[in-house]
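Participant: Okay, here's the structure, questions in a sec.
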Amino acid sequence: HQVLEGVPAEDPRINSRIVLLLAHEHHAYEILKEANAMNFQPDTIWVASDGWANRDPSDTAWIPPYPGYLGIAPFFNKNEQYDDFLSRLQTRQIANGREEWESLPDHRVGTIVDSILSLAKALSAVNYTDRTEGDIVSSKLRTLEFSGVSGEVSFTEEGDRGDPLISVYNFQEEGGELKWKNVATVDVNN
């Protein structure tokens, strides 16, 4: 509450109307609820980090009818590899008496799966005796290209993800409910 009160709001011509809120979904929605209750600059555009973008709050009654919420998060891929992985995961969940997921709960799951696959592919491509040599393994890792659960996987010379995609979301009314809607996918390098 004190932080929101400390933001200058007297002159809208010189005060920011865009706020990047880096927070976990549980904290972000409480902050937004508090901002709404105190009528904090109602025309503010809130930009969500991947900690709360594309995660619907349990209670939307407090959200104004025309919220200015944008979300930015790593691309959440749903291609053939995603469907195949999810199908195999669901089979194992059922076999082990666990709750079956309708979809992966988060973009991070696909990224984690692809990270493990990348390391396994790189290790498989080098001689057994060279698998403890970090330079050799990382060199092989940088040459990988494959369709993964999180999308197309490749790496730069520096070892970063090649051609990362970002999803842009907008909190919109859909069928009488407020939901995050994917409105764009952006190639960070182009």
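Read-outs throughout are calculated quantities, based only on the coordinates presented, and are distinct from any laboratory measurement. Computed from a predicted structure; not experimentally measured. Positions of Cβ are backbone-derived with ideal geometry, glycine not excepted, and every protein chain shown enters the neighbour counts.
Participant: Pulled fully out, how much extra length does the chain show between residue 59 and residue 127, if you take 0.36 nm times their separation in residues and subtract their Cα-Cα distance?
Facilitator: Stretched out fully, the residue 59 to residue 127 stretch lengthens by 19.0 nm.
Participant: Moving to a separate point now. In whole Hz, what ³J(HN,Hα) sequence does segment 151-160 give by Karplus (6.51, -1.76, 1.60; θ = phi - 60°), x for Gly and Pro?
Facilitator: x, 6, 10, 7, 9, 7, 4, 7, x, 7
Participant: Within segment 45-88, what residues put their amide N at less than 13 Å from the label point 7 Å along the Cα-to-Cβ vector of residue 7?
Facilitator: 45-48, 68-70
Participant: Count the lysine pairs in the chain that are 8 or more places apart or on different chains: how many have C-alpha atoms under 24 angstrom apart?
Facilitator: Close lysine pairs found across the chain: 6.
Participant: Relative contact order for segment 66-189 using alpha-carbon pairs under 8 Å, separation at least 6, rounded to a whole percent?
Facilitator: So the answer I get is 31 percent.
Participant: Restricting to DSSP H runs of at least four residues, report the calculated mean residue ellipticity at 222 nm for the chain, -39500 (n - 2.57) per run over all residues, nearest 500 deg cm²/dmol.
Facilitator: Numbers: 5 runs with 59 residues, N = 190.
Helix-only estimate at 222 nm: -9500 deg cm²/dmol.
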